[in-house]
Amino acid sequence: SSGINAEWPLRPGFVELLKSRGIIPGIKVDKGLAILPGTNEEPTTQGLDGLGERCKKYYDAGARFAKWRSVIKIGDGRPSELAIQSNAVGLARYATICQENGLVPIVEPEVLCDGEHSLETCQIVSEKVLAAVYKACSDHHLYLEGSLLKPNMVTPGNSCPKLATPEQVAEATVVTLQRTVPVSVVGVTFLSGGQSEQKATANLNAINAYQGTKPWALTFSYGRALQASVLKAWEGKNENVKAAQDTLLFRSRANSLAALGKYTGEENASSASESLFVANHVY
C-alpha cells in the first residue's frame, strides 16, 4: 500500500505508476488527536466533519483504502468508559463513511504501550476496546468483509519491569482477537507501536506460529518498524539510496516470513534491535 494526499497536486501519472507496480494507493483521513473533554487527558480523534466529501475526492484521485487512528491510554484510572465508547463510535462512523465512498477502511484502535502496566492489563484493556469497536461497527451497519483491523499487539507497557517473550505476546494477542474480532473480518494488520524492528518481527512470527484458531490473515502494517533502519542507512544522501533500498527489502522479507510463521531471526548487532518507543506518539 502507499499513502497519498488528495489535498496536494499528484505528480502526473503517479497513481498509474503505483498501480502498474501492483501498489494500491491509500490515505490517512483523520485530522489528528484532541483531548476528550471530561476525561483525564484521554484523546479522541478529529476529522468526521466533511469526511464523506473528502473520501469522494480521495477515491477520484485514485485512493482505494483509508486509515483512521484512535488512541487509548492505560494508567491513572484510564481508559475511561467515555474514552472507549467515543473512540469506538468514531472509528465505526469513519469506516462506514469510507465504504459509502468506495474506500476500504482500516480500523485502528491503538492501545498505547506507554506506562508500567503488565501484559495481563494490556490484554484486559485491548479486549474491552475491541469489543466496543465491533459493537459500534455493528450498530453502524459496517460491512465487515470489506474492512481491515489494525490493532496493537498485546504487550507489557514500555516501562513494565516484567518482560514478555514472543510466545507470551502471541498467546495474549491471539486470545484477545478470538474473544472480540468477528470471523468475517478478513485481515488483521498489526501496528508496531514502538517495538524494535526485530521485536516486532519476532512477535508477528510467534503470533502466526501460535497453535490456535486464527480465521484471519495476520500480517503487518508497520511504520517505524519498517522505516527506522532504512532512514538510518539512507541519511538523506544519494550515494546511500541502494543501501537503504536493500535494507527496506530485507526488513520487508523478514516480516513477510513472519506473516507465515517462518521467520528464523537475525543478528542482534544491527540497528534493528534498537527500541523505537516514543512517548505519546503522534503522527
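The values are calculated or read from the model by the stated rules, or taken from the named source; none is laboratory data. Keep in mind the model is a prediction, meaning the values are calculated, not measured. Neighbour counts run over all protein chains shown; Cβ positions are idealised from the backbone, glycine included. To get the accessible areas, we keep the full protein, side chains included, count just its heavy atoms, and leave off ligands, DNA and RNA. Shrake-Rupley method; radii C 1.70, N 1.55, O 1.52, S 1.80 Å.
If you filter the range 48-80 down to residues that are more than 25 Å from GLY193 (Cβ to Cβ) and among the acidic types (Asp, Glu), you find that the one that is surrounded by the fewest Cβ atoms within 10 Å (Cβ to Cβ) is ASP49. Under the condition of being part of a helix (DSSP H, G or I) and either open to solvent by 50 Å² or more (accessible area, probe 1.4 Å) or hydroxyl-bearing (Ser, Thr, Tyr) (or both), the residues counted in the range 219-237 number 6.
Residues in the range 193-218 that are open to solvent by less than 30 Å² (accessible area, probe 1.4 Å), in a loop (DSSP other than H, G, I, E, B) and hydroxyl-bearing (Ser, Thr, Tyr): SER196 only.
Within the range 81-98, count every residue that is open to solvent by less than 30 Å² (accessible area, probe 1.4 Å) and closer than 16 Å to LEU36 by Cα.
Selection size over the range 81-98: 6.
Taking the range 121-141 as the range and being touching a strand residue (DSSP E or B) at 6+ places or on another chain (Cβ under 8 Å) and either closer than 14 Å to CYS98 by Cα or open to solvent by 50 Å² or more (accessible area, probe 1.4 Å) (or both) as the test, only CYS137 passes.
Checking the stated criteria, THR155 turns out to be crowded, with 22+ Cβ neighbours inside 10 Å and closer than 29 Å to ASP76 by Cβ. Scanning the range 121-153 for residues that are assigned to a loop (DSSP other than H, G, I, E, B) and among the aromatic types (Phe, Trp, Tyr) returns a single hit, TYR143. Restricting attention to the range 99-120 and to residues that are outside any strand (DSSP E or B) and within 23 Å of LYS56 (Cα to Cα), the residue that is most open to solvent (accessible area, probe 1.4 Å) turns out to be GLU100. Listed by first and then second residue, the pairs linking a residue in the range 19-42 that is under 15 Å from ALA66 (Cβ atoms) to a residue that is part of a loop (DSSP other than H, G, I, E, B) and open to solvent by less than 70 Å² (accessible area, probe 1.4 Å), with Cβ atoms under 6 Å apart and 6 or more places separating them unless they lie on different chains, are PRO25/ILE4; PRO25/GLY62; PRO25/ALA63; GLY26/ALA63; ILE27/ILE4; ILE27/ALA63; ASP30/GLY47; LYS31/GLY47.
On the stretch given as the range 158-173, residues that are surrounded by fewer than 21 Cβ atoms within 10 Å (Cβ to Cβ) and among the β-branched types (Val, Ile, Thr) total 1. So which residues in the range 34-47 are over 15 Å from ARG78 (Cβ atoms) and either open to solvent by less than 40 Å² (accessible area, probe 1.4 Å) or in contact with a Phe, Trp or Tyr (Cβ under 6 Å, 6 or more places away or on another chain) (or both)? Of everything in the range 34-47, those that are over 15 Å from ARG78 (Cβ atoms) and either open to solvent by less than 40 Å² (accessible area, probe 1.4 Å) or in contact with a Phe, Trp or Tyr (Cβ under 6 Å, 6 or more places away or on another chain) (or both) turn out to be ALA34, THR45, GLY47. Restricting the first member to the range 235-260 and to residues that are free of Cβ contacts under 8 Å to residues at least 24 places away in the same chain and on the phi > 0 side of the Ramachandran plot, and the second to residues that are surrounded by 13 or more Cβ atoms within 10 Å (Cβ to Cβ) and among the hydroxyl-bearing types (Ser, Thr, Tyr), no beta-carbon pair is closer than 7 Å while six or more apart or on different chains.
If you go through the range 238-263 and keep only what is over 20 Å from the mean Cα position of the chain (by Cα), more than 14 Å from ALA228 (Cα to Cα) and open to solvent by 40 Å² or more (accessible area, probe 1.4 Å), you end up with ASN238, GLU239, VAL241, LYS242, LYS262. Evaluating ASN158 against the criteria (1) part of a loop (DSSP other than H, G, I, E, B); (2) over 18 Å from the mean Cα position of the chain (by Cα) leaves one unmet condition, (2).
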